[in-house]
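Worksheet: one structure, shown below.
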Amino acid sequence: MDLVEAVRAIVRTIVGDLVYDRTYASTVQAQNDDDTLDLLPDDARVRGQGLQRVPIRHGLPGVRVRVPAGARVLLGFEARSPQRPYAALWDPGAIEEISFDGGQAPVARQGDSVAVYWPVQMTFGPGSTIGGQPVAGTVIITTQSAGTIQTGAPRVKA
Amino acid sequence: MDFRASLEALVRAALRDLAYTRLYPGRVERDNGDGSVDLMPEAAEFSGTLGLQHVKVRFGVAGASARIEPGTRCLFGFEDGSPRRPYVAEWGYAQRSATVSLDGGVAAVARKGDLVDVHLSGAPAGTPVSGYAVGAIQPPGAVPPIPLVPGAPNALIKATLIAPVPVRAVILGGAPKVKA
């Protein structure tokens, strides 16, 4: 073994396979019920038959996402261990759903509808008139009214 | 020490910084409230250490910030491979692990099903309303009712309404794919 090969062997002994030090562009083949992903990496060095049940590491705590097949993401390896793959950092693209803190209700937005529920009856205040004639008594609004959300966070959109 | 052992020692010394080019698992011990956390690594390379303090938090969503609960799992790395510049990069999901804010906002995000208070003034002022009445006015006595036709002067309403209880509404719509 010549010197170059000797050094190469030593380096490989010390640092192991640098393959697991990098991240790899990958395609989502499916997302499982436990949110893990089945991935197919582009790079043949880590592709094999694909990786199954890869956990997602999110860029924001408390977040869950559901993504369609075909979504693009980076595959990495925690502490450079081939037994500990993870998915992180997404290419821009459509999602099926994003939720915060396990929430199930859609986020309301400026322009969304609101249903207004009136009290059973309301009272005419002092000085009320109909046709110029004083009126007193109660008003009953029997139909549900509608409204629209008028304001929202200027730089947070959904 | 033979030649190979010497060479190995040299190479190890030259490559020791590679350890700081990777991401490692960890667990948050405390959020310091200044954009940093104290965390305990969960990788063998850091066993026996007392943890890392004041580790800067980075988010994968621009404009985001968060208060992180102790016990939240994360991946941390080192900027530019420097051991003096650790940062948190990624997060494992757990419910109630964080309070997230976008663009520095402090108001809770409204959701489909959340309640809305419609502001009507109470007594004695009441809330002004105007319009036209429909139907008829029954004067006292055996007198025929006076019909009220929208647009006619005798049907014009100028009144205030006093609601005995707050008027409530509920949000009907919401983003179909963004939940909270």
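Hey, can you tell me all the residues within the stretch A:69-89 that are out of contact with any Gly (no Cβ under 7 Å at 6 or more places or on another chain), facing chain B (nearest Cβ under 9 Å) and in a strand (DSSP E or B)? Residues satisfying the conditions are A:GLY76, A:PHE77.
For the stretch A:1-40, which residues satisfy the criterion of being assigned to a strand (DSSP E or B), touching a residue at least 24 places away in the same chain (Cβ under 8 Å) and more than 15 Å from A:ARG84 (Cα to Cα)? Give the derivation first.
Taking the stretch A:1-40 and keeping what is assigned to a strand (DSSP E or B), we get A:24-31, A:37-40.
Subset that is touching a residue at least 24 places away in the same chain (Cβ under 8 Å): A:24-31, A:37, A:39.
Hits for the stretch A:1-40 are A:ALA25, A:SER26, A:THR27, A:VAL28, A:GLN29, A:ALA30, A:GLN31.
If only one of A:GLY125, A:GLY131, A:GLY152 is at the interface with another protein chain (Cβ under 7 Å from one of its Cβ atoms), out of contact with any helix residue (DSSP H, G or I) (no Cβ under 6 Å at 6 or more places or on another chain) and surrounded by 15 or more Cβ atoms within 10 Å (Cβ to Cβ), which one is it?
None of the other options fit; the residue is A:GLY125.
Out of A:GLN104, A:GLN150, report the one residue that is at pLDDT 80 or above and over 20 Å from the mean Cα position of the chain (by Cα).
Numbers: A:GLN104 fails: over 20 Å from the mean Cα position of the chain (by Cα).
From the options A:GLN104, A:GLN150, the qualifying one is A:GLN150.
B:ARG27 meets the conditions (1) surrounded by fewer than 18 Cβ atoms within 10 Å (Cβ to Cβ); (2) more than 8 Å from chain A (Cβ to nearest Cβ); (3) without any contact (Cβ under 8 Å) to a residue 40 or more places away in the chain in every case but one. The failed one is (3).
Among residues belonging to the stretch B:68-119 that are among the acidic types (Asp, Glu) and within 30 Å of B:ILE171 (Cβ to Cβ), point out the one that is nearest to the other protein chains (Cβ to nearest Cβ). Steps first, answer last, please.
Here is the first cut: in the stretch B:68-119, the ones among the acidic types (Asp, Glu) are B:69, B:79-80, B:90, B:103, B:114, B:117.
From what is left, the residues that are within 30 Å of B:ILE171 (Cβ to Cβ) are B:69, B:103, B:114, B:117.
On the way: B:GLU69: 8, B:ASP103: 4, B:ASP114: 7, B:ASP117: 10 Å.
Of everything passing the filter in the stretch B:68-119, B:ASP103 is nearest to the other protein chains (Cβ to nearest Cβ).
Evaluating B:VAL37 against the criteria (1) among the β-branched types (Val, Ile, Thr); (2) out of contact with any Asp or Glu (no Cβ under 9 Å at 6 or more places or on another chain); (3) more than 9 Å from every other protein chain (Cβ to nearest Cβ); (4) more than 30 Å from A:ILE14 (Cα to Cα) leaves one unmet condition, (2). I need the full set of residues from the stretch B:35-50 which are surrounded by fewer than 18 Cβ atoms within 10 Å (Cβ to Cβ), assigned to a strand (DSSP E or B) and over 26 Å from the mean Cα position of the chain (by Cα), in order please. Those that are surrounded by fewer than 18 Cβ atoms within 10 Å (Cβ to Cβ), assigned to a strand (DSSP E or B) and over 26 Å from the mean Cα position of the chain (by Cα): none in the stretch B:35-50. One residue stands out among those in the stretch A:41-68 that are among the hydrophobic types (A, V, I, L, M, F, W, C) and outside any strand (DSSP E or B): the one that is farthest from A:ALA105 (Cα to Cα), which is A:ALA44.
Just to be sure, is B:ARG85 within 11 Å of A:PRO61 (Cα to Cα) and surrounded by fewer than 16 Cβ atoms within 10 Å (Cβ to Cβ)? Outline the logic, then answer.
On the way: within 11 Å of A:PRO61 (Cα to Cα): no; surrounded by fewer than 16 Cβ atoms within 10 Å (Cβ to Cβ): yes.
No: the conditions fail for B:ARG85.
The residue that is farthest from A:ASP42 (Cα to Cα), among those in the stretch A:76-114 that are surrounded by 14 or more Cβ atoms within 10 Å (Cβ to Cβ), touching an Asp or Glu at 6+ places or on another chain (Cβ under 9 Å) and touching a residue at least 24 places away in the same chain (Cβ under 8 Å), is A:ALA108.
From the list A:PRO106, A:PRO61, A:PRO82, A:PRO68, the one residue that fits, being out of contact with any strand residue (DSSP E or B) (no Cβ under 9 Å at 6 or more places or on another chain) and within 30 Å of B:SER97 (Cβ to Cβ), is A:PRO82. Kindly indicate whether B:ALA142 is at the interface with chain A (Cβ under 8 Å from one of its Cβ atoms) and either within 28 Å of A:PRO119 (Cβ to Cβ) or outside any strand (DSSP E or B) (or both). When the stated conditions are applied, B:ALA142 does not pass them. The set of residues from the stretch B:121-180 being within 30 Å of A:ARG66 (Cα to Cα), in contact (Cβ under 8 Å) with a residue 40 or more places away in the chain and in contact with a Phe, Trp or Tyr (Cβ under 9 Å, 6 or more places away or on another chain) comprises B:VAL170, B:LYS179, B:ALA180. Selection of the stretch B:99-116 for residues being acidic (Asp, Glu) and either buried (at least 17 other Cβ atoms within 10 Å of the Cβ) or modelled with pLDDT of 85 or more (or both) yields only B:ASP114.
Identify, from the list A:ARG72, A:ARG109, A:ARG57, the residue that is under 30 Å from A:ILE141 (Cβ atoms) and within 19 Å of the chain's Cα centre (by Cα).
Working: A:ARG72 fails: under 30 Å from A:ILE141 (Cβ atoms); A:ARG57 fails: under 30 Å from A:ILE141 (Cβ atoms).
Answer to the check: A:ARG109.
The values are calculated or read from the model by the stated rules, or taken from the named source; none is laboratory data. A quick note: this is a predicted structure, and the numbers were derived from the prediction, not measured. Quick reminder, even Gly has a Cβ in these numbers, built from the backbone with ideal geometry, and neighbours come from all protein chains shown.
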